[in-house]
Amino acid sequence: MNTSPKVIGIVGSYRKNGYIDTAVTEILAAAAHRGAQTQKIYLQDRPIEFCTNCRACMQEPGTHRGKCVLEDEMDSILKEIESADSLVLGAPVNCGNINALTRRFLERCVCYGYWPWEAPAPKPRNPVKHKKAVLVSSSAAPAWMGRWMTGALGALKNLANILGAKPVGVLWMGLVKPQEVELSDRTRKKARQLGQKLAA
Ligand SMILES: Cc1cc2nc3c(=O)[nH]c(=O)nc-3n(C[C@H](O)[C@H](O)[C@H](O)COP(=O)(O)O)c2cc1C
């Protein structure tokens, strides 16, 4: 039996080999170097429908996620995520928040909540956070601005929370220029430290 920790990176960016993808690769490589099993999921490669807002998946009580009415790759992605000990969640800032692909994925994760029709607000089915998460984002604005003046960090924290993960670090890349994807030495160093933290 393989007892090494499993770390899954989720890339919500539209660009392979862009900033988010490159940073997630760096974090996973550092985790692998420390003995973790790693895997990357590109959301853009996995057919995921938009949530229909039916809330059927939220009606049945229980600790396990509710069943979605849609037949697509979401169930298999969530099974993969549930098998992980740690997650790297990466999404760029677009129009002041995480990009639409990642938001679509986030909305489909509502199945981890219990929200019967008569209740005013949802409750997490399983409030215990067993996993660790590193949150990764990038912005054309300076890092401090992207991080503190947009909704992206809050959305990534929300995603980690829904997936049963406690954030243990944030990697933010600011002033990114899409034409030249090159992580600074500082970013690489931080990515390596975060990867090691996830493998520990
Ligand atoms: C449609 C669109 C909207 C964007 N909106 C913002 C924004 O509101 N704030 C910001 O700092 N950067 C914004 N950007 C820049 C992206 O954050 C940047 O291109 C992205 O972080 C690069 O990540 P990637 O290399 O993984 O694609 C936007 C880019 C696009 C294409």
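Across region 1-130, Cα pairs under 8 Å and at least six residues apart give a relative contact order of 33 percent. The simple Förster model, with R0 at 35 Å and r as the Cβ-Cβ distance, assigns Glu49 and Lys129 a FRET efficiency of 0.80.
Springs between Cα atoms under 10 Å define the GNM used for the chain, and in it the highest mean-square fluctuation of Met74, Met145, Met173 occurs at Met145.
Write down the Å³ per residue value for the convex hull defined by the alpha carbon atoms of the chain. Can you show the working numbers first?
Details: hull volume 24.3 nm³, N = 200.
Cα convex hull per residue, to the nearest whole number: 122 Å³.
What is the angle, in °, between the Cα long axis of helix 19-33 and the longest principal axis of the Cα atoms in the chain? Nearest 10 is fine, range 0 to 90. For helix 19-33, the angle is close to 90 degrees. Amide H to amide H distances under 5 Å link Val88 with Ile8, Gly9, Ile10, Val134, where only residues 5 or more positions off or on other chains count and H is placed in the peptide plane. Taking only DSSP H segments of four or more residues, each worth -39500 (n - 2.57), what value at 222 nm results for the chain once the sum is divided by all its residues, to the nearest 500 deg cm²/dmol? For the chain, the value works out to -10000 deg cm²/dmol. Measuring against 32 Å, Cα to Cα, the residue pairs Lys6/Lys123; Lys79/Lys177; Lys40/Lys129 contain Lys79/Lys177 as the ones spanning a longer distance. Of the candidates Gly146, Gly169, Gly154, which one comes out as most mobile in a Gaussian network treatment of the chain with C-alpha springs shorter than 10 Å? Highest fluctuation of the listed residues: Gly154. The Kirkwood hydrodynamic radius of region 1-54, based on inverse pair distances between different Cα atoms, is 12.6 Å. Here the 3J(HN,Hα) profile of region 115-121, calculated from phi with Karplus coefficients 6.51, -1.76 and 1.60 at θ = phi - 60°, is 9, x, 4, 7, 7, x, 8 Hz, Gly and Pro shown as x.
Assuming R0 = 35 Å, can you tell me the calculated FRET efficiency for the pair Val69 and Gln39, based on Cβ-Cβ distance, to the nearest 0.05? For R0 = 35 Å, the calculated efficiency reads 0.80.
Please identify which residues in region 10-48 have an amide N closer than 17 Å to a label point set 7 Å out from the Cα of Thr3, following the Cα→Cβ vector. Correct set: 35-37. Straight-distance candidates among the aspartates and glutamates for linking to Lys189, with alpha-carbon spacing under 13 Å and chain neighbours fewer than 8 residues away dropped: Glu26. Axis angle, to the nearest 10 degrees, between helix 152-162 and the longest C-alpha principal axis of the chain: 50 degrees. The amide H of Met173, built 1.01 Å from its N in the peptide plane, has Ser137, Ser138, Ser139 as neighbours under 5 Å, considering only residues 5 or more places off or on other chains.
Quick note: the coordinates plus some simple rules give every number you see, no bench work behind them. Computed from a prediction, not measured in an experiment: that's the story for all the values here. Here the Cβ is made from the backbone with ideal geometry for all residues, glycine too, and neighbour counts use every protein chain on show.
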